[in-house]
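**Q** Can you keep this structure in mind? I'll have questions shortly.
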Amino acid sequence: PAVIRRADYAAPAFLIDSVALEFDLVPERTIVKSTMRVRRNPDAGAAHGAPGARLELMGEALEFIGAAIDGKALPEGAVRAHEHGLTIEHAPDAFTLTIESACDAGANTTLSGLYVSSGNFFTQCEAEGFRRITYFLDRPDVMATYTVTLRADKAAYPVLLSNGNLIEEGELPDGRHFAKWEDPFKKPSYLFALVAGKLVSIDERIRSGSGKEKLLQVWVEPHDLDKTRHAMDSLIHSIRWDEERFGLELDLDRFMIVAVSDFNMGAMENKGLNIFNTKYVLANQETATDTDFGNIEAVVGHEYFHNWTGNRVTCRDWFQLSLKEGLTVFRDQEFSADMQGGATDEAARAVKRIEDVRVLRQMQFAEDAGPMAHPVRPESFVEINNFYTMTVYEKGAEVVRMYQTLFGREGFRRGMDLYFKRHDGQAVTCDDFRHAMADANGRDLAQFERWYSQAGTPRISVRTAYDAVAQRYSVTLAQGYGDASNAARETQKGPLLIPFAIGLIGRDGKDIALRLEGEAEAKGTTRVIELTEQEQTFTFVDVKEAPLPSLLRNFSAPVIVEYDYTNDELAFLLAHDSDPFNRWEAGQRLATRELLALAARAQAGEPLALDDSTVAAFSRVLTDETLSPAFRDLAMMLPSESYLAEQMAEADPAAVHAARQFARKRLANALKRDWLSIYESHATPGAYEPSPEAAGHRALKNLALAYLAEADDPADAIRLANAQYDNANNMTDRAAALAALLAASASAGTDAAERALEDFYRRFEQEPLVIDKWFALQATQRGSAQRPVIDIVRKLMAHPAFTLRNPNRARSLIFSFCAANPSQFHSADGSGYAFWAEQVVALDALNPQVAARLARSLELWRRYTPALREKMREALERVAGQVKSRDVREIVEKALA
Ligand code: HT7
Ligand code: ZN
């Protein structure tokens, strides 16, 4: 397949300044008439400047009806429709182009372009879906103003929405009606949207910072209206937050969110008309967990924040995707942290930071170590949809965060202000953002560019030395990439500028005031030192005793730190570090070390044992009442099986599972009294409260229940879980009780979960998002030799509520099994891989974007033990021989290369 390269970027030969779109919406054949003002681009390269140039418009899965220039129909020969679009010969310098075409929204299972879901029309245009609606210069550096007229049957489609402001609506003959929308802002085609159907809204009117009235709406199907309050509140909070933190105001009179149940990703930031997966809109206490509530707040924020970072200033080309995505993820992370802990409660903010870093390390570090490794600003791609990745989003957000770590919040704000001053209304590059940050802060950030162009996870090895006589403590940092994957190694050019936050801790557990060599006096207890060379030594003076270093505080850069702490030192940091992130990190390092040792013993068939001292270190955190429940919940969570497998020279999911299960059992049995008392003391009787504090109590209580379910005698857990299931007044508690029952049945070999599973299905049959949880809980359960989960999953595939066509449902069963149940998926007989191959091929025919996501579950196959590796390769080859889409091809071919 054709490879598209960043180096080949050329400005478009033509620009489109305005578009008037008219839609006659009929599911099987929607007619689209597009009238565009087109002109030759004065800034295009000379090659494009020849008179009477050819205009190439993109188009896909369209039926061409006709075209006219300045009102004159184009004869055959002057225009040619083909597989990739429309070619118009001898286009003048400036003209009005009219094109009529048709598309079949009803048959569109790709969920890209115009499609029908539950009888309503929706669009999804990012990245290249607009060309499935009409012929266009479908690239982000072509920005136009849009006027959109929608016509449809009024009874079937009473609501007609598009971007911007409603300027006219009315009746038409034959029971039809129309609505005309105008978006005053120039935008790229990927931000176009329309929605038509039977929907209802909750409305709010607010005043923005400058006093203008704004209409906010959340549109859903009528039966979901009782689940919209949280999304609306999240939107209002987002608007306020962007005004306060960045001085950015909502620029439209009206801002709409629409929920749709068939959707490829989380949500989409179309100008003024955000379209969301129902999963990130609908919530009430009966149907949504605390995690769901948090995710909705984050995604509503994310899409809203795109209005400035993405829409007002957009990307010049898709290689610059992280310009908007990395920056917007950073903004939504900061928003969530502020909503959780306020701007100043560092311990509460750390909870969010820990959650984000867990995702980064588990998912992005793995991506960066495999065949899909790519820089934050990729150099090439086959299918852009495959590059909406953890690297572009999450590592991209870490890169943005480093500017803030280097310059402080004020310096970062100065950079943002300059970025908007320079680039509002433009389509720009990651370099433009970096230059704004550099210029606003008087810094040369040339070296920082490597964060955008080098793939792989940097490793920093740390050496320390204490000179008691001179009272000097030196810290030597050396950066490299270890044994980076080939994909990563190809991109490496030299050392990075790495902001490395460090503190030193005395024997009393308190921070030492820090004075670097050459400084007149000590300043603060955490310092951000800047590593710019391959190796550098930083010396602290006036250090009265040998300290313990607290390295990379608050995870100040997306790197791996290598330092040989002893177990006792890690236990000390876990008990004392003033940096809450590093306190958690010490526990994770300790647990990772012990679990990997256990996995090695499991592989060798040796008996497993976990030190009393390790158990004691965790027991101290669990019972430390000075720590918040939310923090203790995170601190007691062992590293995931996939993260642990990733740390092994050859990943062995079965050994990792045995090790982790053993450790969970040991902690469950040894701390049983603590777990029981925590379960009692963190119960939140009375009315349900959605606050972060109450959610923290629920999280810790449910963790206690989960551990109790692992105990040798799970009778207590089964009793508590059954009672909790029956009495729950919220989904967090009900789902946790069901999960505990599933775990206890696996431990005890009973069917303790059967009754609750049946009840759960019956109770929530009418709530698709809850039924997704029902599928996911079963797909991620532990299973046993007698009851392999693959058998359960295959049986569930035949359940009347299962369908491959709905991405949420496919994710809840298939992805949950293939990506979130490693020990069952990687079962030695290869049955998981055979299932995976079947499903990738089946999905490929319906929805290549979703199929390609599933295809990625095997990309790290080379990192596994030989027997598994061989079976994975066979499955990959089988898929490579059958799939059709460019999306899946790119993934499997890169994996096998
Ligand atoms: N900017 C959006 C990315 C996106 C997308 C969303 C829905 C369906 C298909 C999509 N392809 C790309 C989402 C975001 O990052 O905000
Ligand atoms: Zn985004």
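The values are calculated or read from the model by the stated rules, or taken from the named source; none is laboratory data. No experiment lies behind these values; they were computed from the predicted model shown. Virtual Cβ from ideal backbone geometry, glycine too; neighbours counted across all protein chains shown.
**Q** Quick one: which strands (runs of 3 or more DSSP E) lie wholly within segment 200-286 and hold at least 2 residues that are within 18 Å of residue 159 (Cα to Cα) and touching a residue at least 60 places away in the same chain (Cβ under 8 Å)?
**A** Working: elements: 200-207, 213-220, 254-260, 273-277.
Strands (runs of 3 or more DSSP E) meeting the threshold: 213-220, 254-260, 273-277.
**Q** In addition: Among the candidates 376, 382, which residue alone is at pLDDT 95 or above, within 16 Å of ligand 1 (Cβ to nearest atom) and surrounded by fewer than 20 Cβ atoms within 10 Å (Cβ to Cβ)? Please lay out each step first, then the result.
**A** Details: 376 fails: surrounded by fewer than 20 Cβ atoms within 10 Å (Cβ to Cβ).
Criteria check complete, one pass: 382.
**Q** Please list, ordered by first then second residue, the pairs with beta carbon atoms under 8 Å, 6 or more apart or interchain, first in segment 126-146 and within 16 Å of ligand 2 (Cβ to nearest atom), second basic (Lys, Arg).
**A** From segment 126-146, the pairs are 140/316.
**Q** Would you call residue 284 closer than 22 Å to residue 421 by Cα and in contact with an Asp or Glu (Cβ under 8 Å, 6 or more places away or on another chain)? Lay out the reasoning, then the answer.
**A** Details: closer than 22 Å to residue 421 by Cα: no; in contact with an Asp or Glu (Cβ under 8 Å, 6 or more places away or on another chain): yes.
Criteria not met by residue 284.
**Q** Still on this structure, please answer the following. For segment 314-328, check the following and say yes or no: at least one residue is within 16 Å of ligand 1 (Cβ to nearest atom), outside any helix (DSSP H, G or I), touching a residue at least 24 places away in the same chain (Cβ under 8 Å) and not charged (D, E, K, R).
**A** Yes, segment 314-328 contains at least one residue that is within 16 Å of ligand 1 (Cβ to nearest atom), outside any helix (DSSP H, G or I), touching a residue at least 24 places away in the same chain (Cβ under 8 Å) and not charged (D, E, K, R).
**Q** While we're on this one: Go through (1) part of a loop (DSSP other than H, G, I, E, B); (2) touching a residue at least 12 places away in the same chain (Cβ under 8 Å); (3) more than 11 Å from ligand 2 (Cβ to nearest atom) and name the single condition residue 343 misses.
**A** Failing condition for residue 343: (2).
**Q** So residue 100 fits all but one of (1) farther than 20 Å from residue 37 by Cα; (2) more than 16 Å from ligand 1 (Cβ to nearest atom); what number is the exception?
**A** (1)
**Q** Evaluate the following for residue 170: is it of a type in the set (Gly, Ala, Ser), modelled with pLDDT of 95 or more, assigned by TED's automatic domain parsing to the domain that holds residue 238 and out of contact with any His (no Cβ under 7 Å at 6 or more places or on another chain)?
**A** Values: of a type in the set (Gly, Ala, Ser): yes; modelled with pLDDT of 95 or more: yes; assigned by TED's automatic domain parsing to the domain that holds residue 238: yes; out of contact with any His (no Cβ under 7 Å at 6 or more places or on another chain): no.
So residue 170 fails the test.
**Q** Follow-up. Go through segment 170-183 and report how many residues are free of Cβ contacts under 8 Å to residues at least 60 places away in the same chain and closer than 18 Å to residue 255 by Cα. Step through it out loud before you land on a result.
**A** Going through segment 170-183, the residues free of Cβ contacts under 8 Å to residues at least 60 places away in the same chain turn out to be 170-182.
If we keep only those that are closer than 18 Å to residue 255 by Cα too, we end up with 179-182.
Number satisfying all stated conditions: 4.
**Q** Hey, another quick one. Out of all the residues in segment 653-691, which are within 30 Å of residue 230 (Cβ to Cβ) and in contact with a Phe, Trp or Tyr (Cβ under 8 Å, 6 or more places away or on another chain)? Explain how you work it out, then say what you get.
**A** Quick first cut of segment 653-691, residues within 30 Å of residue 230 (Cβ to Cβ) only: 678-691.
Once the filter is applied, which keeps residues that are within 30 Å of residue 230 (Cβ to Cβ) and in contact with a Phe, Trp or Tyr (Cβ under 8 Å, 6 or more places away or on another chain), segment 653-691 yields only 690.
**Q** Within segment 84-127, how many residues turn out to be part of a loop (DSSP other than H, G, I, E, B) and over 23 Å from residue 188 (Cβ atoms)?
**A** Taking segment 84-127 and keeping what is part of a loop (DSSP other than H, G, I, E, B), we get 84, 89-93, 104-112, 118-119, 125-127.
Subsequent filtering for residues that are over 23 Å from residue 188 (Cβ atoms) retains 89-90, 92, 104, 106-107, 109, 118-119.
Qualifying residue count, segment 84-127: 9.
**Q** Let me ask you something else. I'm trying to understand the selection: among the residues of segment 23-35, which are part of a strand (DSSP E or B) and among the charged types (D, E, K, R)?
**A** Let us first name the residues in segment 23-35 that are part of a strand (DSSP E or B), namely 23-24, 30-35.
Passing the criteria: 24, 33.
**Q** Restricting to segment 858-897, give me the number of residues that are assigned to a helix (DSSP H, G or I) and of a type in the set (Phe, Trp, Tyr). Show your work before the answer.
**A** So in segment 858-897, the residues assigned to a helix (DSSP H, G or I) come out as 858, 861-863, 866-880, 886-896.
After this cut, where a residue has to be of a type in the set (Phe, Trp, Tyr) as well, the list is 861.
Of the residues in that region, 1 qualify.
**Q** Same structure, new question: Go through segment 142-167 residue by residue and tally those that are under 19 Å from residue 34 (Cβ atoms) and in contact with a Lys or Arg (Cβ under 9 Å, 6 or more places away or on another chain).
**A** 15
**Q** Moving on. When you go through (1) of a type in the set (S, T, N, Q); (2) more than 19 Å from the chain's Cα centre (by Cα); (3) outside any loop (DSSP other than H, G, I, E, B) one by one for residue 295, which number turns out not to apply?
**A** Evaluating residue 295 over (1) of a type in the set (S, T, N, Q); (2) more than 19 Å from the chain's Cα centre (by Cα); (3) outside any loop (DSSP other than H, G, I, E, B) leaves (2) as the failure.
**Q** Is there a residue being in contact with a helix residue (DSSP H, G or I) (Cβ under 8 Å, 6 or more places away or on another chain), of a type in the set (Val, Ile, Thr), within 16 Å of ligand 1 (Cβ to nearest atom) and in the same structural domain as residue 113 (by TED's automatic domain parsing) anywhere in segment 268-282? Break it down stepwise before answering.
**A** Here is the first cut: in segment 268-282, the residues in contact with a helix residue (DSSP H, G or I) (Cβ under 8 Å, 6 or more places away or on another chain) are 268-271, 274, 276-282.
Narrowing further to those that are of a type in the set (Val, Ile, Thr): 278, 281.
From what is left, the residues that are within 16 Å of ligand 1 (Cβ to nearest atom) are 278, 281.
Retained after the next criterion (residues that are in the same structural domain as residue 113 (by TED's automatic domain parsing)): 278, 281.
Yes; the residues of segment 268-282 include at least one that is in contact with a helix residue (DSSP H, G or I) (Cβ under 8 Å, 6 or more places away or on another chain), of a type in the set (Val, Ile, Thr), within 16 Å of ligand 1 (Cβ to nearest atom) and in the same structural domain as residue 113 (by TED's automatic domain parsing).
**Q** Please enumerate the residues belonging to segment 821-844 that are touching a residue at least 60 places away in the same chain (Cβ under 8 Å) and either in a helix (DSSP H, G or I) or hydrophobic (A, V, I, L, M, F, W, C) (or both).
**A** If the condition is that a residue be touching a residue at least 60 places away in the same chain (Cβ under 8 Å) and either in a helix (DSSP H, G or I) or hydrophobic (A, V, I, L, M, F, W, C) (or both), then 822, 823, 825, 828 are the ones that fit.
**Q** Among 68, 20, which is the only one that is part of a strand (DSSP E or B) and touching a residue at least 40 places away in the same chain (Cβ under 8 Å)? Let's see the steps before the verdict.
**A** Values: 68 fails: touching a residue at least 40 places away in the same chain (Cβ under 8 Å).
Result: 20 is the single residue among 68, 20 that is part of a strand (DSSP E or B) and touching a residue at least 40 places away in the same chain (Cβ under 8 Å).
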